[in-house]
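For reference, the structure discussed in these notes is given below.
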Amino acid sequence: QVQLVESGGGLVQAGGSLRLSCVASESIFSINDMGWYRQAPGKQRELVARISSGGSTNYAESMKGRFTISRDNAKNTMYLQMSVLKPEDTAVYYCNGRMGVNYYWGQGTQVTVSS
């Protein structure tokens, strides 16, 4: 079973940047695709961005141009570079990985954007 561990969250002012990391317990070559999701208080978890094993990416509309997802297979790590952060980006950000029909989640990392 794959374990995913997120890091890099924190408190940042509006307009600032953060980079989240997600480290997998095994080679991400074996993970079909990975993604970032977020959940704000009182709201459903939503897609932020996904990246395939081949490097193809897709983003939620509101994140396009501000967030960049990437993966470093040699380090078993996926990243989310977030810039021009807004207070509405405040949420717990979760790492997700798909292997076949199985999905795995990290424990989440809190991102708080102050106005």
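The values are calculated or read from the model by the stated rules, or taken from the named source; none is laboratory data. Just so you know, these numbers come straight off a predicted model, no measurement behind them. For neighbour counting, all protein chains shown are included, and Cβ atoms are generated from backbone atoms with ideal geometry for every residue, glycine included. To get the accessible areas, we keep the full protein, side chains included, count just its heavy atoms, and leave off ligands, DNA and RNA. Shrake-Rupley method; radii C 1.70, N 1.55, O 1.52, S 1.80 Å.
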Members of the stretch 11-29 found to be outside any loop (DSSP other than H, G, I, E, B) and loosely packed, with under 13 Cβ neighbours inside 10 Å, listed by number = Leu11, Gln13, Phe29
Between residues in the stretch 39-56 that are within 15 Å of Trp105 (Cβ to Cβ) and part of a strand (DSSP E or B) and residues that are among the hydroxyl-bearing types (Ser, Thr, Tyr) and at pLDDT 95 or above, which pairs lie under 8 Å by C-beta distance while being six or more apart or on different chains?
-> Gln39/Tyr94; Glu46/Tyr37; Leu47/Tyr37; Val48/Tyr37; Val48/Tyr59; Val48/Tyr93; Arg50/Thr57
Looking only at the stretch 1-29, count how many residues are out of contact with any Ser or Thr (no Cβ under 9 Å at 6 or more places or on another chain) and small (Gly, Ala, Ser).
-> 2
Hits in the stretch 30-75 - residues which are surrounded by 15 or more Cβ atoms within 10 Å (Cβ to Cβ) and over 23 Å from Gln3 (Cα atoms) = Tyr59, Ala60, Met63, Arg66, Phe67
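Could you grab me the full set of residues in the stretch 76-87 that are more than 22 Å from Ser30 (Cα to Cα) and either open to solvent by 10 Å² or more (accessible area, probe 1.4 Å) or over 14 Å from the mean Cα position of the chain (by Cα) (or both)? Reasoning before the result, please.
Just the residues of the stretch 76-87 that are more than 22 Å from Ser30 (Cα to Cα), to begin with: 81-87.
Gln81, Ser83, Val84, Leu85, Lys86, Pro87 - these are the residues of the stretch 76-87 that are more than 22 Å from Ser30 (Cα to Cα) and either open to solvent by 10 Å² or more (accessible area, probe 1.4 Å) or over 14 Å from the mean Cα position of the chain (by Cα) (or both).
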Identify all residues within the stretch 57-87 that are on the phi < 0 side of the Ramachandran plot, in a loop (DSSP other than H, G, I, E, B), in contact (Cβ under 8 Å) with a residue 60 or more places away in the chain and out of contact with any Ser or Thr (no Cβ under 6 Å at 6 or more places or on another chain); write none if there are none.
-> Leu85, Lys86
In the stretch 2-38, anything more than 13 Å from Gln81 (Cα to Cα), out of contact with any Lys or Arg (no Cβ under 7 Å at 6 or more places or on another chain) and polar (S, T, N, Q) is listed as Gln3, Gln13, Ser25, Ser27, Ser30
Please work out if Gly54 is small (Gly, Ala, Ser) and at positive phi.
-> no
Among residues of the stretch 88-103, those that are surrounded by 13 or more Cβ atoms within 10 Å (Cβ to Cβ) and either in a strand (DSSP E or B) or polar (S, T, N, Q) (or both), counted = 10
